[in-house]
Protein chains: 4
Amino acid sequence: MAQSDQKKIKRTRPEVMDAIRDSAIAEFALHGLKGASTQSIAERAGLSKAQLHYYIESKEDLYEKILEHVVDEWIRVFSFGDVELGPRRVLSDYVRKKLEFSFDQPLLSRIFANEMMRGAPVLTPMMSRPRTRTAHAVECINHWIEQGLMRTLDPMLLMMNIWSLTQYFADFEYQARYMLRVKEGQPLDQEHIIAEVTAFVLQGCGVVAED
Amino acid sequence: MAQSDQKKIKRTRPEVMDAIRDSAIAEFALHGLKGASTQSIAERAGLSKAQLHYYIESKEDLYEKILEHVVDEWIRVFSFGDVELGPRRVLSDYVRKKLEFSFDQPLLSRIFANEMMRGAPVLTPMMSRPRTRTAHAVECINHWIEQGLMRTLDPMLLMMNIWSLTQYFADFEYQARYMLRVKEGQPLDQEHIIAEVTAFVLQGCGVVAED
Amino acid sequence: MAQSDQKKIKRTRPEVMDAIRDSAIAEFALHGLKGASTQSIAERAGLSKAQLHYYIESKEDLYEKILEHVVDEWIRVFSFGDVELGPRRVLSDYVRKKLEFSFDQPLLSRIFANEMMRGAPVLTPMMSRPRTRTAHAVECINHWIEQGLMRTLDPMLLMMNIWSLTQYFADFEYQARYMLRVKEGQPLDQEHIIAEVTAFVLQGCGVVAED
Amino acid sequence: MAQSDQKKIKRTRPEVMDAIRDSAIAEFALHGLKGASTQSIAERAGLSKAQLHYYIESKEDLYEKILEHVVDEWIRVFSFGDVELGPRRVLSDYVRKKLEFSFDQPLLSRIFANEMMRGAPVLTPMMSRPRTRTAHAVECINHWIEQGLMRTLDPMLLMMNIWSLTQYFADFEYQARYMLRVKEGQPLDQEHIIAEVTAFVLQGCGVVAED
DNA sequence: GATGAATGAGGGTTCATTCAT
DNA sequence: TATGAATGAACCCTCATTCAT
């Protein structure tokens, strides 16, 4: 929209790269790797197809980079917190952060979801590093269970449950809007959702109420 | 693959139509509407592209039909049950049915997820009928809350939570396998998952334990 | 239209052949030989494509037959009349017959026009017989000129002029309607046109008024 | 044919566009919109199909542009002249210009004829502007009739008559050659035709001879 | 850096026709 | 006769990418 109005504002290389990444995110989120077209990405970024290919290596490569970006963002944002703070505090924070990310960056989540639904053919080769983060979270949870701070449950499944509960508001935003009767332009009631989901998770884990 | 070896096993029209639908489901689940190619669908079904177009009207139309099929299946399978049975029984059944569907028909769920992530451009025009089913579920839940059978919560958000918790095992099957360290060929421990998710939901709703 | 309402009224072979010819005339008039599709012809005739090809040899052949039909019709209808009747009578009759044919059978004329515009590639091989009819007309006209019944002119060009003046109302019916401001459904004022064109031709030939 | 021998004579963009337009004119004149193939147009212009589509938007669009070109050319060339010059002079000029255009640019005329025969589906939406030109001509003719410079007649029909008489030598060039026994390569006797048609028109209108 | 052009493959779809049944 | 199915070519058009300039 904006880039078509103002003609020929020379952009620096990083600016162009950002524009490309944003455009690609939008297209990949909409149509997946195969369905996205370099044409559309170029247009969105205010470039010609030839120009685009000057900046990127290939569509596949661009996709990979973005996927990497998604994973990096998640690692950056979703720290599980300190065990000592207890499950109530840690889980509440975690759910909030995940939900806020879903509200703010739904497209990133959708790209990831798309990749997963296809069996993660591109992500798998990238994922050589060990999953220390999840391991850490599992440890925490087990520790809390042992301490009687939450009910006995499968920690890994808890992580997956939280994942799905929070991811939902990014991937299925449209469905959420439909069910909550919130029109396209209007914002969801984020605090209400955070409160409800948090309560659901805490209760689901049997986290004892603070006294 | 196999079908190219054995020549000319005449199939009846419904058999061919079924093969086409299955192939299309696989392709659409993998690549979405835009990314799926009639070429691939035809090959999967053991047909030439020209042959395929003898049986279908267009790619769009085929997609629509399948989407309709998905919705119909869901309506058929996911009845919410009788209020009188109480939340424990009804929610347990509901969660089980949804999870089993996710385990059995993950592709259908993924097609739906894909459609949703794109803003439901094809589904929306099809959805004229009122959402009586969801309305019914909401009523039930409210009734249970009033009766003190579960804690106070937003019924619609509960429905969405259950949706995401169960849908996860279809859409993110690959992620689930990765986290639970279950190899491609091997089955997930479905009963364990059902038990854990059910417990999580019941606890999350604050459904009182049976005595 | 009619054939889609009444299902399965068995038609005799000639009836079917007639339906095919009519459909083909409509399609060829609209799109020419290359642009017409057997699909459309079959549909118009209430047949399947396979059925159609049972009745016809090929699209080309069908076209040829129809072209033959057009030429035959013209030969049948457009006799130039007797010299003895004089130019006024003969030319008036001739113009009237040609115009009435244009009004009644514009499609036939258009197929012919189309063939001509393409250089008559199909018609030429069919036209081996000598053009005795035109020769006869030229003779008549020359005779009338010698007798002082009309002004001196090139008889062949006169024939071509009459041809174009009359053919116009078939081939350019749409333009005529546009210029005369006659809506699609309504009929042209045929008698007015016949009167005007006849007067124009007679005057153009310098045919002396009857006393 | 020739262009396939000599490789890589780089053409400027306008040159290529011209080649495309000429090729398209030839194909559309031969086969109409539906019957013309981009394949043939590309080949004629010495391009690949993909190349062609780099220069044009679509077949339909190319056709539209050409139709516009035809109409523009006609508007440019066919001015009706000044009333004061009198019918003899004006009509003679007009007939000559129209005939010369038919001789020089028969293909353009045929594309128009083809469009008309199909009911002008593409032209109609383009024709919003008022037909001031025809209105002007009608006025002139009426004026001359009132002044006794020509016989009483329907001015609009006169215009249509002139149209058909002159258009004939473009659309039915092949028939004209056949009847006048002029072989494919050889030119028609244009001056003779102009003289005869002009005389026919003037006489047909009853335009009084100059003294 | 940026642009116009080219390319060969593939996109979805229709073609005229044939062949069993 | 009529029908469903098959076929291989052709339809218009877009694809991702490359290459001179």
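Just so you know, all these numbers are worked out from the coordinates, no wet-lab data involved. Since we're looking at a predicted model, the values are computed, not measured. Note that each Cβ is placed from the backbone with ideal geometry, even for glycine, and that neighbours are counted across all protein chains shown.
Roughly how many Å is it from the Cα centre of segment A:46-70 to that of segment C:14-55, as a whole number?
51
Of all the residues in chain A, which one has the C-beta that comes nearest the axis relating A to C, and what is the distance in Å?
Chain A residue with minimal Cβ-axis distance: A:S37, 16.
Peptide B:148-158: average number of partner chain Cβ atoms within 10 Å per residue?
3
Give, rounded to the nearest 20 debye, the magnitude of the charge dipole that the protein assembly as shown has about its Cα centre when Lys and Arg contribute +1 at Cβ and Asp and Glu contribute -1 at Cβ.
Values: 104 positive and 120 negative charges, 279 e Å.
The dipole of the protein assembly as shown has a size of about 1340 debye.
What list do you get for A:L67, C:L85 if you sort them by fewest beta carbons within 10 Å?
Fewest-to-most ranking of A:L67, C:L85: C:L85, A:L67.
From the Cα trace of segment D:133-202, what convex hull volume per residue do you get, rounded to a whole Å³?
Working: hull volume 7.0 nm³, N = 70.
With only Cα atoms used, segment D:133-202 gives 101 Å³ per residue.
Please give the calculated 222 nm ellipticity per residue for chain D, where each DSSP H segment of at least 4 residues contributes -39500 (n - 2.57) and the sum is spread over every residue; nearest 500 deg cm²/dmol?
-22000 deg cm²/dmol
Just to confirm the filter: which trypsin sites (Lys or Arg not before Pro) across segment A:126-159 are DSSP coil and have at most 12 other Cβ within 10 angstrom of their Cβ?
The qualifying sites are A:R131.
Have a look at D:V70, D:A29, D:F101 and report the one farthest towards the positive end of the charge dipole of segment D:1-107, computed about the Cα centre with Cβ charges (Lys/Arg +1, Asp/Glu -1).
So the residue furthest toward the plus end is D:A29.
Which of the aspartates and glutamates could a cross-linker bridge to D:K59, judged by Cα under 17 Å and excluding same-chain residues fewer than eight apart?
Partners found: D:D18, D:D22, D:E27, D:E43, D:E68, D:E115.
Averaged over peptide B:124-131, how many Cβ atoms belonging to another chain are found within 10 Å of each residue's Cβ?
Counting other chains' Cβ atoms within 10 Å and averaging over B:124-131 gives 1.
Calculate one ³J(HN,Hα) per residue across segment A:168-181 by plugging θ = phi - 60° into the Karplus curve 6.51 cos²θ - 1.76 cosθ + 1.60, and present them in order as whole Hz with x for glycine and proline.
3, 6, 8, 5, 10, 3, 5, 5, 4, 4, 4, 6, 8, 6
Please give me the summed charge of the neighbours of B:K34: other residues whose Cβ is under 12 Å from its Cβ, Lys and Arg +1, Asp and Glu -1.
-1
For C:T152, go 7 angstrom from Cα along the Cα-to-Cβ vector, then report the distances to that same point in the other copies in nm, smallest first.
3.4, 11.5, 12.6
Treat every Asp and Glu Cβ in chain A as -1 and every Lys and Arg Cβ as +1, leave all other atoms uncharged, and give the resulting dipole magnitude about the Cα centre to the nearest 20 debye.
760
Roughly how crowded by other chains is peptide C:94-107, in terms of the mean Cβ count from those chains within 10 Å of each of its Cβ atoms?
What the average comes to for C:94-107 is 0.
How big is segment C:66-168 in terms of Cα radius of gyration and Dmax, in angstroms?
14.4, 41
Using the count of nearby Cβ atoms within 10 Å as a rough guide to exposure, how do D:D154, A:D93 rank from fewest to most?
So the ranking, lowest neighbour count to highest, is A:D93, D:D154.
Determine the relative contact order of chain A: mean sequence separation of Cα pairs under 8 Å and six or more apart, normalised by residue count, in whole percent. Could you put the intermediate results ahead of the total?
Working: 160 pairs, mean separation 46.2, N = 211.
Worked out over chain A, it gives 22 percent.
Using the 7 Å Cα-to-Cβ label point, sort the distances from C:E15 to its equivalents in the other copies shortest first and give them in nm to one decimal.
When each copy's label point is compared with this one, the spacings are 3.9, 6.4, 7.7 nm.
Counting pairs of alpha carbon atoms under 8 Å apart in space and at least six apart in sequence, what relative contact order in percent does segment D:96-170 give? Each step should come with its number before you reach the end.
On the way: 32 pairs, mean separation 44.4, N = 75.
Result for segment D:96-170 is 59 percent.
GluC sites (Glu not before Pro) within segment B:81-160: which are DSSP loop residues with at most 13 other Cβ atoms inside 10 Å?
none
On a full-extension model of 0.36 nm per residue, what is the gain between A:K49 and A:V71, subtracting their alpha-carbon distance, rounded to one decimal in nm?
Additional length available on full extension: 5.2 nm.
GluC sites (Glu not before Pro) within segment D:8-78: which are DSSP loop residues with at most 13 other Cβ atoms inside 10 Å?
Sites meeting the loop and neighbour criteria: D:E57.
Could I have the simple spin-label model distance between A:T124 and B:H136, label points 7 Å from Cα toward Cβ, reported in nm to one decimal?
Each label point is offset 7 Å from its Cα along the Cβ direction, giving 4.1 nm.
Placing the label point 7 Å from Cα along the Cα-to-Cβ direction, what are the distances from C:S58 to the equivalent spots in the other copies, shortest first, in nm to one decimal?
Label-point distances to the other copies, shortest first: 3.2, 3.3, 4.6 nm.
Past the 32 Å Cα-Cα mark, which pairs from B:K10/B:K97; D:K65/D:K98; C:K65/D:K34?
Flagged as over cut-off: B:K10/B:K97.
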